[in-house]
There are 2 protein chains.
Amino acid sequence: MRSAEFDKEHVLRQAMRTFMQYGYSKTSMQKLTEATGLHPGSIYCAFKNKKGLLLASVEQYQKDKNEQFEQLFAQHQNVRSALEIFLQDIVQPYASNEATKVCLLTRTLSEIDGQDDEVTQVLSNNLCAFEQALQNVLSKAHHCGEIGSTPSAKERAQFLVMGIYGLRTYASTSNDQQALVRLSKQLLEHVLQ
Amino acid sequence: MRSAEFDKEHVLRQAMRTFMQYGYSKTSMQKLTEATGLHPGSIYCAFKNKKGLLLASVEQYQKDKNEQFEQLFAQHQNVRSALEIFLQDIVQPYASNEATKVCLLTRTLSEIDGQDDEVTQVLSNNLCAFEQALQNVLSKAHHCGEIGSTPSAKERAQFLVMGIYGLRTYASTSNDQQALVRLSKQLLEHVLQ
DNA sequence: GTGTATCTTGAACGTACATTCAAAATTAAC
DNA sequence: GTTAATTTTGAATGTACGTTCAAGATACAC
């Protein structure tokens, strides 16, 4: 017997950071060995191959993001102020030069689209779950009397998700941080109106 | 003397279609030779290298899109009905299985981000010009009395561009064509309100 | 018709990549 | 301390890629 020596969560976080920074195909195994500190053989032993490491990273990513999400909305009484911070956290990184700007899910989906059904499916499911989480939150906001019944929580969630995708793409084309902040506020107003 | 034998516009349209379908790095020179009918040497003679062909394709893409845009807005008296068709044309392809779904500019920018300053600059400039074109149209709408003066044409254009980016990304994650149509209408109402 | 400049052809080259594997190192059990 | 099981190591492998180039084909000028 002998157990693995590396910290799996740490390895996956380093891997996801690398995938986010370079994209899937431009993330070479060499970059991954450097980022994770693991040798090729260890990666293949633990995750089967590069795609396996991506899928494991995606899983970890979703787990981390979910925890953040739950925590944020548990901390706030009203949905509006939680969503304000949520959107702010999305826009914020674009002011600095962090590698964590982009969303691993959408970035990878855009790159892989139509080339690998398994990965596409996993990413779609995760993004779908994200929309569902937002819908639940908006549903709660309705029951708390924060927002009306039309548009429905589902329709509001869809518009919000679309807006978030748009915000991220817009941010990658522009350095106008003020505009980003304005757009995110405008988006929130529209969704909660 | 001897002039080139291929139709440059046709070659570039085939190339851009391939880049859109597979993304830049997954578009091999072999795929490009098959798509364009040109041999490797001819491509390198005419466009220097793969990146040169991408840049030429982007230029052609922007030229084509611009002509469509000008024509569409010249055909309609009021801006609203032109924008309705414009958004419809964006959402439409996602119902079918066309390779022309995605935007060559945003797809390539997302993939190449931070890896090639020249390409990034060209793509950013083109996307900026796209926003400016929308701003001009919205400015015209204001002068024609279709919309008010606040938010400004610039702010409206930014929100619309964000929405279009979001629509495209959302479309790549969902098969709900009805939702897409609803989102595009909701977006337009918000922008023209 | 001849010459010449230019384009076309596609095989060949070097490189970078994902992956494999056998040997070495490490751990845990008894 | 010895053994057995598992992981770590990193060089080696095969493949796919972007690119080059020299030979051949073609069109124009005179």
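The values are calculated or read from the model by the stated rules, or taken from the named source; none is laboratory data. The shown structure was predicted, so the numbers you read here are calculated from the model rather than taken from an experiment. Cβ coordinates were reconstructed from backbone atoms using ideal geometry, including for glycine residues, and neighbour counts include every protein chain displayed. Calculation scope for accessible area: heavy atoms of the full protein, side chains included, ligands and nucleic acids excluded. Shrake-Rupley method; radii C 1.70, N 1.55, O 1.52, S 1.80 Å.
Assess whether residue B:192 counts as being within 16 Å of residue A:160 (Cβ to Cβ) and open to solvent by less than 60 Å² (accessible area, probe 1.4 Å). No.
Out of segment B:165-177, which residues are more than 7 Å from chain A (Cβ to nearest Cβ) and assigned to a helix (DSSP H, G or I)? Write out each step before concluding.
Here is the first cut: in segment B:165-177, the ones more than 7 Å from chain A (Cβ to nearest Cβ) are B:168, B:171, B:174-177.
Scanning segment B:165-177 gives B:168, B:171, B:177.
Within segment B:94-144, being at pLDDT 95 or above, more than 19 Å from residue A:106 (Cβ to Cβ) and of a type in the set (Val, Ile, Thr) holds for B:119, B:122, B:137. When residue B:42 is evaluated against the numbered criteria (1) in contact with a His (Cβ under 9 Å, 6 or more places away or on another chain); (2) surrounded by fewer than 19 Cβ atoms within 10 Å (Cβ to Cβ), which criterion, by number, is the only one it fails? Exception for residue B:42: condition (1). Residue A:90: β-branched (Val, Ile, Thr), within 16 Å of DNA strand D (Cβ to nearest atom) and open to solvent by less than 50 Å² (accessible area, probe 1.4 Å), yes or no? So residue A:90 does not fit the description; no. Note on segment A:37-62: residues that are away from DNA strand C (no atom under 11 Å from the Cβ) and at pLDDT 95 or above total 8. Scanning segment B:28-38 for residues that are in a helix (DSSP H, G or I) and open to solvent by 20 Å² or more (accessible area, probe 1.4 Å) yields B:29, B:30, B:31, B:33, B:34, B:35. Every condition in (1) within 14 Å of DNA strand C (Cβ to nearest atom); (2) within 14 Å of chain A (Cβ to nearest Cβ) is met by residue B:30 except one, and the failing one is (2).
Taking the criterion of being in a helix (DSSP H, G or I), within 11 Å of another protein chain (Cβ to nearest Cβ) and more than 17 Å from the chain's Cα centre (by Cα), would at least one residue in segment B:148-155 satisfy it? Break it down into steps so the answer makes sense when it comes.
Keep residues of segment B:148-155 that are in a helix (DSSP H, G or I), which gives B:153-155.
If we keep only those that are within 11 Å of another protein chain (Cβ to nearest Cβ) as well, we get B:154-155.
So of that shortlist, the ones also more than 17 Å from the chain's Cα centre (by Cα) come out as B:154-155.
Yes, segment B:148-155 has at least one match.
For segment B:138-158, which residues satisfy the criterion of being open to solvent by 50 Å² or more (accessible area, probe 1.4 Å), at negative phi and of a type outside the set (D, E, K, R)? Of everything in segment B:138-158, those that are open to solvent by 50 Å² or more (accessible area, probe 1.4 Å), at negative phi and of a type outside the set (D, E, K, R) turn out to be B:142, B:143, B:144, B:149, B:150. Restricting attention to segment B:35-75, the residues that are over 17 Å from the mean Cα position of the chain (by Cα) and either more than 12 Å from residue B:13 (Cα to Cα) or of a type in the set (Gly, Ala, Ser) (or both) add up to 19.
Filtering segment B:76-87 to residues that are at pLDDT 95 or above, open to solvent by 50 Å² or more (accessible area, probe 1.4 Å) and over 16 Å from the mean Cα position of the chain (by Cα) leaves B:80, B:84.
Residues being open to solvent by less than 90 Å² (accessible area, probe 1.4 Å), more than 12 Å from DNA strand C (Cβ to nearest atom) and away from every other protein chain (no Cβ under 14 Å) are entirely absent from segment B:19-27. Scanning segment A:1-18 for residues that are open to solvent by 20 Å² or more (accessible area, probe 1.4 Å) and over 24 Å from residue A:113 (Cα atoms) yields A:1, A:2, A:3, A:4, A:5, A:6, A:7, A:8, A:9, A:10.
Within segment B:99-137, being more than 9 Å from chain A (Cβ to nearest Cβ) and open to solvent by less than 20 Å² (accessible area, probe 1.4 Å) holds for B:103, B:104, B:108, B:119, B:134, B:137.
Return yes when residue A:161 is open to solvent by 10 Å² or more (accessible area, probe 1.4 Å), at pLDDT 95 or above and not acidic (Asp, Glu) and no when it is not.
On the way: open to solvent by 10 Å² or more (accessible area, probe 1.4 Å): no; at pLDDT 95 or above: yes; not acidic (Asp, Glu): yes.
Criteria not met by residue A:161.
Take segment A:11-49 and flag every residue that is within 13 Å of DNA strand D (Cβ to nearest atom) and in contact (Cβ under 8 Å) with a residue 24 or more places away in the chain. Hits for segment A:11-49 are A:11, A:25, A:36, A:37, A:38, A:42, A:46. Of all residues in segment B:183-193, those satisfying the criterion of being more than 7 Å from chain A (Cβ to nearest Cβ) and not in a loop (DSSP other than H, G, I, E, B) are B:184, B:185, B:187, B:188, B:189, B:191, B:192.
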